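Colleague: Pasting in a structure now, in structure tokens, and then I'll have a few things to ask.
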Amino acid sequence: MSLISFDEAKCTRCCLCARACPVNIIVAGDQLPGTIEKIEKGCITCGHCVAVCPSAALTHCQMALDDCTELVKGWRLNPEQIEQLVKGRRSIRRYRPDPVDRGVMEKLLDIVRYSPTGMNSQTVQWLVLLDPADIERLSSIVVDWLRLLLAQGAPGVKGMLKSWEMGNDPILRKAPHLIIAYGGINDIMTRYSSIIALTTLELASLSFGLGACWAGFLYNASNNYAEVNDFLGLPPGIQMHGGLTIGYPEFEYSRIPARNKANVIWR
């Protein structure tokens, strides 16, 4: 079966598929578009060709047309809506104890799997902790690591430990859930794809009434303290590339706080 085939009756010969193909496998032909067979193995299965065809005339053998949902008209948010979404986002450090329905979490991850990945590699993997007791235990393991750092004279640790001893959780904020993105230790592409995916997840969570916060201390501990990865159960050769605490915010914010002006060089 050909990698990409064209329905002659439907094809309008617009050749948008050839223009959209990021690896130039598709070329405009005299009658129908076609593919350069000797470089077809370079296809990254991104689906741009299927997505751009206005007449549904193109079929990719690895991507059924029925699996490619048609976009709803008017799907783009306007600039004002995007401005409110991005500027209104806050890092949530206080959560209600209410659990998030697993179906909501599954929907979130289903949305986020469409985040950009390098060369459409789609190699980001996920670990979701649903039990608050596991999150509390994980925080205590990171605190153990902080105690080691304090003994080594590391700065900025004493306040974190004092907060923990007072019954607070400065690590994972007593969040009901935790979402971790992971992949190969030396996989640079997955590392950055994970950051993109987590950023997308944080923004997407707002539409469900949720809030999130980056788990920076957990990430640092996972790279320097074996007990963290042992608890997470990540296999050898695999590394946490980032994580978010997530849940329903204890309270809402009413204003957008001031931020520095963008530092831009225009050329």
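The values are calculated or read from the model by the stated rules, or taken from the named source; none is laboratory data. Just so you know, these numbers come straight off a predicted model, no measurement behind them. So basically every Cβ, Gly included, is an ideal-geometry build from the backbone, and we count neighbours across all protein chains shown.
Colleague: Just to verify a result, which residue in the stretch 215-240, among those that are within 16 Å of residue 129 (Cα to Cα) and surrounded by fewer than 11 Cβ atoms within 10 Å (Cβ to Cβ), is farthest from the chain's Cα centre (by Cα)?
Modeller: Checked the stretch 215-240; the qualifying residue farthest from the chain's Cα centre (by Cα) is 230.
Colleague: Among the residues of the stretch 157-174 satisfying the criterion of being in contact (Cβ under 8 Å) with a residue 12 or more places away in the chain and not β-branched (Val, Ile, Thr), which is surrounded by the most Cβ atoms within 10 Å (Cβ to Cβ)?
Modeller: Here the answer is 172.
Colleague: Residue check: is residue 175 under 10 Å from the mean Cα position of the chain (by Cα) and in the same structural domain as residue 131 (by TED's automatic domain parsing)?
Modeller: Numbers: under 10 Å from the mean Cα position of the chain (by Cα): no; in the same structural domain as residue 131 (by TED's automatic domain parsing): yes.
No, not satisfied.
Colleague: In addition: Could you check residue 45 against (1) modelled with pLDDT of 95 or more; (2) on the phi < 0 side of the Ramachandran plot; (3) touching a strand residue (DSSP E or B) at 6+ places or on another chain (Cβ under 7 Å) and say which number it fails?
Modeller: Of the numbered conditions (1) modelled with pLDDT of 95 or more; (2) on the phi < 0 side of the Ramachandran plot; (3) touching a strand residue (DSSP E or B) at 6+ places or on another chain (Cβ under 7 Å), the odd one out for residue 45 is (2).
Colleague: Scanning the stretch 56-90 for residues that are aliphatic (A, V, I, L, M) and not in a helix (DSSP H, G or I), which turns out farthest from residue 5 (Cα to Cα)?
Modeller: 77
Colleague: Considering only the stretch 159-174, how many residues are in a loop (DSSP other than H, G, I, E, B) and in contact with a helix residue (DSSP H, G or I) (Cβ under 6 Å, 6 or more places away or on another chain)?
Modeller: If we filter the stretch 159-174 for residues that are in a loop (DSSP other than H, G, I, E, B), which is where we start, we get 166-174.
Keeping just the survivors that are in contact with a helix residue (DSSP H, G or I) (Cβ under 6 Å, 6 or more places away or on another chain) gives 169-172.
Of the residues in that region, 4 qualify.
Colleague: So, one more: Looking at the stretch 234-258, which of its residues are of a type outside the set (Ser, Thr, Tyr) and free of Cβ contacts under 8 Å to residues at least 12 places away in the same chain?
Modeller: 235, 236, 252, 255, 257, 258
Colleague: Working only within the stretch 184-218, note down all residues that are farther than 15 Å from residue 90 by Cα and of a type in the set (Asp, Glu).
Modeller: Within the stretch 184-218, 187 is the sole residue that qualifies.
Colleague: Still on this structure, please answer the following. Under 9 Å between Cβ atoms, which residue pairs at least 6 apart in sequence (or on different chains) link something in the stretch 116-143 that is on the phi > 0 side of the Ramachandran plot with a partner that is assigned to a loop (DSSP other than H, G, I, E, B) and crowded, with 17+ Cβ neighbours inside 10 Å?
Modeller: So the pair list comes out as 119/46; 120/46.
Colleague: Could you check how many residues of the stretch 236-259 are assigned to a loop (DSSP other than H, G, I, E, B) and of a type in the set (S, T, N, Q)?
Modeller: Final tally of qualifying residues: 1.
Colleague: Looking only at the stretch 72-98, count every residue that is of a type outside the set (Phe, Trp, Tyr) and closer than 15 Å to residue 202 by Cβ and tell me the total. Write out each step before concluding.
Modeller: Initial filter on the stretch 72-98 (of a type outside the set (Phe, Trp, Tyr)): 72-74, 76-94, 96-98.
With closer than 15 Å to residue 202 by Cβ added as a condition, the list becomes 82, 85-93.
Final tally of qualifying residues: 10.
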